[in-house]
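Peer 1: Encoded as structure tokens, here's the structure I'll be asking about.
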Amino acid sequence: MQCMSKQVKNEKMEAIVSLAKRRGFIYQGSDVYGGLSGTWDYGPLGVTLKRNVMNLWWRHFVEQRDNMYGVDAAILMNQKVWQASGHVDTFVDPLCEDTVNKRRYRTDHILKDNGVDPDGMSMDQMDEAIIKNDIKSPDGNPLSASRTFNMMFKTHVGAAQDEGSVSYLRPETAQGIFTNYKNVVDSFYPDLPFGIAQMGKAFRNEISPRDFVFRSREFEQMEIQYFVHPDKWEEAFNELLASTHEFLHLIGLKPEHIHELDVPKEDRAHYSKKTIDIEYDYPIGKEELLGIAYRTDFDLGNIQRVSKKSMEYQIKGTNEKFIPHVIEPSFGVERALMAVLSEAYTEDSVNGEKRAYLRLPAHLAPVRCAVSPLLKNKPELVKKARKVYEQLKHELGNVMWDDNGNIGKRYRRQDEIGTPKCVVIDFQTLEDDTATVRDRDTTSQARVAIESLLPALQVD
Ligand code: ATP
């Protein structure tokens, strides 16, 4: 029974991946050259959906709060950043090798795939579990003992190829925030608590990228470092957790698909004293969507130690000085997007015909509405429809013109990409200036006066 439901769920994942490619949401990176593992390119609809998610995050966490400051730091940073942060020494995953064909795997993933829970295990314990359970590689060969593998992409900045020119593509956006903490304090001197937020690319040389965009080598993060008085970290943590749930609601995720995991000490990142992972029921199973970590003064303390510059904060009007502690909500854009697509993907039947469509929240849909003339060979309908299209496009932006095929096919196509409403100009329009507005979810149709179309379609 369990096997059956897993298979059905993977069919759902396959259907989403196929729809995403076919309809121009997400393509394999470098596809024309056979692809590059762990990289994905966003097509015309995907880029809009992704931006809608990111803009909503920015609005919710930055613009609608009065204690949040945005930054956009460089991806390449001085190598000292990654030495001080601990990433050079400890940003590693356990890697084992197929002893015959030399393919490499993440040891914890191999265990998980074979029904052994690796949570809380040291690398030695994982190796013991592999031996005890007689686990082989996916090709049926023995596996080597594990070793650690640093996930940062190393590069050189400038013409010299020596140790001094080493840099890394950032594996998290957080360090670009920490290194700007002092700049923001000097420019704005905000009261505590305050946060600095950043959205942008991060790079990790994942040993085995998989599950569509879920585990990529290049992805985007949306992160906040929230600076607090050391005595007040807990209330800030809870407040950001509550605000995170509000955001997940805004992107349309159902509460019953969202789970909090209080990460045990052995599994927390090296800098964290408490971490709550938010997991989501993806079609591939329950997996991490985002994490909220209490990073203490670990990062600012390290920056102060290595840079020899004070990271202390002085409470205004007092002599009280200390290094602020930090709460970090860290969101992966791709994982948020994959959750949005999984939640939205729906199959039903309309007039006895199977339909697959994206039940996206209207404020996230890449196309807000499509406008069509009922028949494309009737110039009077086309002329009127073009006029309505131009007006709506001017006001709403993401409006699509669609006159291909018959009206039923147009509806199916728009349903598949999640367009909430289709506006159709027909012969009655020419008489009474009303149009048919057809709803994606209910498939019901209503006649709406053209002058009332805009309020009927606006969602903000
Ligand atoms: P995992 O355990 O799944 O590897 P992580 O705990 O290492 O993830 P963090 O370092 O906490 O992840 O990164 C913060 C967020 O960045 C994650 O919650 C996730 O949303 C996103 N993220 C991390 N790695 C990837 C990746 N390889 N591809 C896509 N998103 C990622």
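Peer 1: Accessible surface of residue 66 in the full protein assembly, 1.4 angstrom probe, to the nearest 10 Å²?
Peer 2: In the full protein context, residue 66 sits at about 150 Å².
Peer 1: Could you go through the stretch 57-64 in sequence order and give the Karplus-derived ³J(HN,Hα) for each residue, using 6.51 cos²θ - 1.76 cosθ + 1.60 with θ = phi - 60°, rounded to whole Hz, and x for Gly and Pro?
Peer 2: Ordered by residue, 3J(HN,Hα) equals 4, 4, 5, 5, 8, 10, 5, 8 Hz.
Peer 1: So, with +1 on the Cβ of K and R and -1 on the Cβ of D and E, and no other charges, what is the size of the charge dipole of the stretch 373-454 about its Cα centre, to the nearest 20 debye?
Peer 2: 320 debye
Peer 1: Please report the antiparallel percentage of the DSSP beta bridges confined to the stretch 309-460, to the nearest 5. Numbers along the way, then the final one.
Peer 2: Details: 17 of 25 bridges.
In the stretch 309-460, approximately 70 percent of DSSP beta bridges are antiparallel ones.
Peer 1: How high is the relative contact order of the chain, in percent, counting Cα pairs under 8 Å that sit 6 or more residues apart? Each step should come with its number before you reach the end.
Peer 2: Numbers: 802 pairs, mean separation 59.0, N = 460.
Relative contact order, the chain: 13 percent.
Peer 1: Just to confirm a number: summing +1 for Lys and Arg and -1 for Asp and Glu over residues other than residue 405 whose beta-carbon lies under 12 angstrom from that of residue 405, what do you get?
Peer 2: With Lys, Arg at +1 and Asp, Glu at -1, the net is +3.
Peer 1: If R₀ is 35 angstrom, what is the calculated FRET efficiency for the pair residue 378 and residue 210, using the beta carbon separation as r and rounding to 0.05? If you can, show how the numbers build up before the last one.
Peer 2: On the way: r = 51 Å, r/R0 = 1.45.
It comes to 0.10.
Peer 1: Relative contact order for the stretch 1-115: what is it in percent, counting Cα pairs under 8 Å that are at least 6 residues apart? List each step's numbers first, then the result.
Peer 2: Numbers: 63 pairs, mean separation 12.1, N = 115.
Answer for the stretch 1-115 is 11 percent.
Peer 1: Okay, next question. Using a 1.4 angstrom probe and counting only protein chains, how large is the accessible area of residue 82 in Å², to 10?
Peer 2: Roughly 0 Å² of residue 82 is accessible to a 1.4 Å probe.
Peer 1: Debye calculation, C-alpha points only, no solvent: report log10 I(q)/I(0) for the chain at q = 0.10, 0.14 Å⁻¹, in the same order as the q values.
Peer 2: Log-scaled intensity ratios, in q order: -0.86, -1.36.
Peer 1: How much accessible area per residue does the chain have, in Å², with a 1.4 Å probe?
Peer 2: Numbers: 22370 Å² over 460 residues.
Per residue, the chain has 49 Å² of solvent-accessible surface.
Peer 1: If you restrict to DSSP beta bridges whose two residues both lie in the chain, what percentage is antiparallel, to the nearest 5? Write down the numbers at each step before the final one.
Peer 2: Numbers: 70 of 81 bridges.
Here the share of antiparallel DSSP bridges comes out near 85 percent.
Peer 1: A further question on this structure: Could you work out the per residue convex hull volume over the alpha carbons of the stretch 79-146, in cubic angstrom? Could you put the intermediate results ahead of the total?
Peer 2: Numbers: hull volume 6.3 nm³, N = 68.
Expressed per residue, the convex hull around the Cα atoms of the stretch 79-146 is 93 Å³.
Peer 1: In whole percent, how big is the carbon plus sulfur part of the accessible area of the stretch 148-204, probe 1.4 Å, protein atoms only? Could the numbers behind the result be given before it?
Peer 2: Numbers: 1270 of 2420 Å².
That share works out to 52 percent.
Peer 1: Quick one: divide the alpha-carbon radius of gyration of the stretch 319-460 by 2.2 N^0.38 Å and tell me what you get. All intermediate terms of the calculation are to be shown ahead of the outcome.
Peer 2: Values: Rg = 19.9 Å, N = 142, 2.2 N^0.38 = 14.5 Å.
Compactness ratio reported: 1.38.
Peer 1: Let me ask something else. Across all directions of projection, what mean area in square nanometres is found for the Cα convex hull of the stretch 25-117?
Peer 2: Taking a quarter of the hull surface, the average projection is 11.2 nm².
Peer 1: Next question, about the same structure. Take the Cα gyration tensor of the stretch 139-257, multiply each eigenvalue by 5, square-root it, and list the three semi-axes largest first, rounded to whole angstrom. Show your work: numbers first, answer last.
Peer 2: Working: eigenvalues 209, 132, 39 Å².
Working from the Cα gyration tensor, I get semi-axes of 32, 26, 14 Å.
Peer 1: Would you kindly find the accessible area of residue 305, with a 1.4 Å probe and non-protein molecules such as ligands, DNA and RNA excluded, rounding to the nearest 10 Å²?
Peer 2: It works out to around 140 Å².
Peer 1: Also, quick follow-up: Can you spot the aspartates and glutamates whose alpha carbon is less than 19 Å from residue 21's alpha carbon? Ignore those fewer than 8 places along the same chain.
Peer 2: 11, 31, 41, 211, 218, 334, 343, 347, 415, 416
Peer 1: Remind me, what semi-axes does the stretch 265-400 give for its equivalent ellipsoid, largest first in whole Å, using sqrt of 5 times each Cα gyration tensor eigenvalue?
Peer 2: Working: eigenvalues 541, 117, 20 Å².
Ellipsoid half-lengths, sorted descending, are 52, 24, 10 Å.
Peer 1: Using a cut-off of 29 Å between alpha-carbon atoms, which lysines can reach residue 378, once sequence neighbours fewer than 8 places away in the same chain are excluded?
Peer 2: 387, 393, 409, 421
The values are calculated or read from the model by the stated rules, or taken from the named source; none is laboratory data. If you're wondering where the values come from, they're calculated on a predicted model, not measured in any experiment. Glycine gets a Cβ as well: all are built from the backbone with ideal geometry, and neighbour counts include every protein chain shown. Surface accessibility is based on the protein's heavy atoms, side chains included, excluding ligands, DNA and RNA. Shrake-Rupley method; radii C 1.70, N 1.55, O 1.52, S 1.80 Å.
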